[in-house]
Amino acid sequence: MRRTCWSTPLALLFAWLGVLFARRPADARRSFGYARLEVLVGYTNALSQILLVAWILFEAAHRFLDPQPILSGTMLVVAVIGLAVNAIVLGVLGGHDHDDVNTAGARLHVIGDLLGSVGAVAAAILVRWLDWLWADPAISVLVSLLILNSAWRLLRRCAHILLEGVPEGVEVAAVTERVEREVAEVVGVHHVHVWQLAGGSRLATLHARLADGAAADRAVQAIEELLSVRFGIRHATIQVETGGCRHHGCAPLPPGAGDR
């Protein structure tokens, strides 16, 4: 199982820089700050892992077609050392929040190296005692496919955030339904948008039509509390409407709704 020795240190460096720069405060040009850098780093690390897997599969195919003698003893020693080092690094990284795609990208590279070392140990033993030269490329393919699955899922998650997709576990229809049902002052909700700035940082915008005589401040406070408690949305921009919707695409209110 052969991997480039620089990929994991570079991935860890990117992850550290992502955390460092993401903490910079907002400024005049970037009013939301730099938090999305962590998502960009996670996306880059996932993409680089996929490219690395493609290279490993190419090398494995070449070794299948043209088997070469392998120094199984040296291979075993190096693999065991690599296994120990990557286990230590993985322990230092520890667990991570599911929404932290930056750390997930770094862990993906470390786990990839860890699996590669395990595969190399197994291949070295099979080559040394059974003379199965095909074991090295075969295990390389198996480990690469396992890594590819995780890398692809992380890449999709990062791309979804960068495209301002609706966060996992949230449905726009559910947001609309709950606000209309649980906030007494609201008779209609539309133009609802929910997205993530970075992993776990959820934002929303919506228009809320109020019942006749409803207090706007109280309605906004109730909506913000509902979004925070029910959907984990900590930053919401709410446009209150009292005289009907003047925007394209608004659904008409049912008869008598304004008297709620």
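Taken across the stretch 37-60, residues that are surrounded by 13 or more Cβ atoms within 10 Å (Cβ to Cβ), in contact (Cβ under 8 Å) with a residue 60 or more places away in the chain and over 26 Å from the mean Cα position of the chain (by Cα) do occur, with at least one present.
Of all the residues in the stretch 20-36, those that are part of a helix (DSSP H, G or I) and farther than 18 Å from Arg202 by Cα number 2. If you take the residues of the stretch 38-75 that are part of a helix (DSSP H, G or I) and modelled with pLDDT under 80, which of them is nearest to Gln196 (Cα to Cα)? Out of the qualifying residues, it is Met75. Restricted to helices (runs of 4 or more DSSP H) entirely inside the stretch 127-243, those with at least 2 residues that are more than 27 Å from the chain's Cα centre (by Cα) and within 30 Å of Ile56 (Cβ to Cβ) are 135-162. If you check Arg181, Arg153, Arg128, Arg157 for being basic (Lys, Arg) and either in contact with a Leu (Cβ under 6 Å, 6 or more places away or on another chain) or outside the structural domain of Glu38 (by TED's automatic domain parsing) (or both), only one passes: Arg181.
Sort through Gly33, Gly119 and tell me the only one that's surrounded by 20 or more Cβ atoms within 10 Å (Cβ to Cβ), more than 17 Å from Cys158 (Cβ to Cβ) and among the small types (Gly, Ala, Ser). Please lay out each step first, then the result.
Working: Gly33 fails: surrounded by 20 or more Cβ atoms within 10 Å (Cβ to Cβ).
Going through Gly33, Gly119 in turn, just one is surrounded by 20 or more Cβ atoms within 10 Å (Cβ to Cβ), more than 17 Å from Cys158 (Cβ to Cβ) and among the small types (Gly, Ala, Ser): Gly119.
The residues of the stretch 61-76 that are surrounded by 12 or more Cβ atoms within 10 Å (Cβ to Cβ) and within 18 Å of Asp131 (Cα to Cα), listed by number, are Arg63, Phe64, Pro67, Ile70, Leu71, Ser72, Met75, Leu76.
Filtered by the rule that a residue be modelled with pLDDT of 65 or more, aliphatic (A, V, I, L, M) and over 18 Å from the mean Cα position of the chain (by Cα), the stretch 1-12 gives a lone residue, Leu10.
The values are calculated or read from the model by the stated rules, or taken from the named source; none is laboratory data. What you see is a predicted model, and the numbers here were worked out from it, not measured in a lab. Reconstructed Cβ throughout: ideal geometry from the backbone, glycine too, with neighbour counts over all protein chains shown.
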